[in-house]
Each structure stands twice: as structure tokens, then as C-alpha cells.
Amino acid sequence: MANHKSALKRIRSNEAKRLRNKYQHKTTRNAVRDLRSTEDKKEAGERLNAVISMLDKLAKNNIIHKNKAANLKSQLTKHVSAL
């Protein structure tokens, strides 16, 4: 168990950050899944911008690796172009 006041605060803040990161990551994964299942090119183009923005934010905050974000953006752009 933590013995210092700062360690207790760190435990609380880490849990809050973990939950926020988990929520953002799951939301982005759902958005990527929805984009992949979209058949309408116009709708997919609109969703693509939002998903790319979400991926960039996750990569910036080190929730996902920057190369993973780049790979996902590339795959999704290719998917939307092929529609």
C-alpha cells in the first residue's frame, strides 16, 4: 500500500487517466469499425475526417503508437477511395 500522500494522489490520477484513455480508445475503435462498414462514399468521406482527427489525438497523447495511427489512416483512406 502507498505510504506517501503524493503516492495516493498518483494512484487516483492514474486511474482517472486510465479510464479516460480507455474511453477514447474504445470510441475511436468503434468509429473505425463504423467507417469500414459504411458503403456510401459521401458519408464515408465525412466520417473519415472525424476518424483521422481521433487517431491523431490518440497518437499525440501516446494512447496508440504513431505508426499504428498512420497505418490505420492509410488503410481507411484507401478504403474510402475504393468506394
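Computed from the coordinates by the stated procedures, all read-outs in this text should not be read as laboratory data. Computed from a predicted structure; not experimentally measured. Using ideal geometry, Cβ is built from the backbone for each residue, glycine included, and neighbour counts are taken over all protein chains shown.
Net charge in the neighbourhood of Lys26 (other residues with Cβ under 13 Å of its Cβ; Lys, Arg +1, Asp, Glu -1) is +4.
Based on Cα atoms of the chain, Rg over Rh with Rh as the Kirkwood radius reads 1.19.
Here the Gaussian network model covers the chain, with springs between Cα atoms less than 10 Å apart; of Leu58, Leu19, Leu35, Leu19 fluctuates the most. Dividing the summed helix terms, -39500 (n - 2.57) for each DSSP H run of n ≥ 4, by the number of residues in the chain produces a 222 nm estimate of -29500 deg cm²/dmol to the nearest 500.
For the stretch 1-54, the set of GluC sites (Glu not before Pro) satisfying both a DSSP loop assignment and a count of at most 16 other C-beta atoms within 10 Å is given as Glu39. For the residue pairs Lys17/Lys68; Lys17/Lys41; Lys41/Lys66, alpha carbon separations beyond 30 Å are given by Lys17/Lys41. For the chain, what does the relative contact order come out to in percent, with C-alpha contacts under 8 Å and a separation of six or more? For the chain, the relative contact order is 30 percent.
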